[in-house]
Amino acid sequence: MSPRNKARQQGAALVVGMIMLVLITLMLVTALNLGTTNFRAMTNMQFRSEAIAAANHAIEQVISSPFTAAPVAEAINVDLDNDTDTDYLVQIAVPQCVYAAQAFGADPSSLSLPVSMSVSSTWNTVWDLDASVDPADANNVGGAAVRVRTGVRVLLTEAEKDAVCPDP
């Protein structure tokens, strides 16, 4: 080989090497972006699941209280990890009585009720409970917005039903 051809080959190796370095760098940047995107998606799913759990916890708290006596909207602080810090603030809308039907027979769940609650003057009422977690809440670190609705059946006396439920 002449010295002239040898000089051209050394320059070509440098250019090919630089191109390979650029391609490898692009592949690494793409892999990093894909990994970051997957991490963000999983984190968002985790925050959403936590917000749903907080809303369900608040609904269970309302159901376990005598909410049918005077249905009101309320804000409930939920601490999911029991560290005494509020994790989520759940807004519960005013519970709505959506259906009422007279209970003629003793349902299995009503067998242990007192006599005054087991006669035909009792009503099966169905309530709609609506809980929402606001993403703008300072306690909501993940910024997840969720809305959970659930229904619950409550056995009421006729007087209680007349006070809180519309006519069937």
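A few notes on this one:
- A full extension of the chain between Asn44 and Ala13 corresponds to an added length of 6.5 nm, given 0.36 nm per residue minus the alpha carbon distance.
- Whole-Hz couplings from phi, Karplus 6.51/-1.76/1.60, listed for segment 46-56; x for Gly and Pro: 5, 5, 5, 4, 5, 5, 5, 4, 5, 5, 5
- Couplings 3J(HN,Hα) for segment 146-152, derived from phi with the Karplus relation 6.51 cos²θ - 1.76 cosθ + 1.60 (θ = phi - 60°), are 9, 9, 10, 10, 8, x, 9 Hz, where x marks Gly and Pro.
- Between Leu34 and Ala75, the distance separating the two model label sites (each 7 Å from Cα on the Cα→Cβ line) works out to 4.5 nm.
- FRET efficiency for the pair Asn82 and Arg153, taken as 1/(1 + (r/R0)^6) with r the Cβ-Cβ distance and R0 = 25 Å, rounds to 0.25.
Here, each number is a calculation from the coordinates, and none is a lab measurement. Keep in mind it's a predicted model, so treat the numbers as computed, not measured. Reconstructed Cβ throughout: ideal geometry from the backbone, glycine too, with neighbour counts over all protein chains shown.
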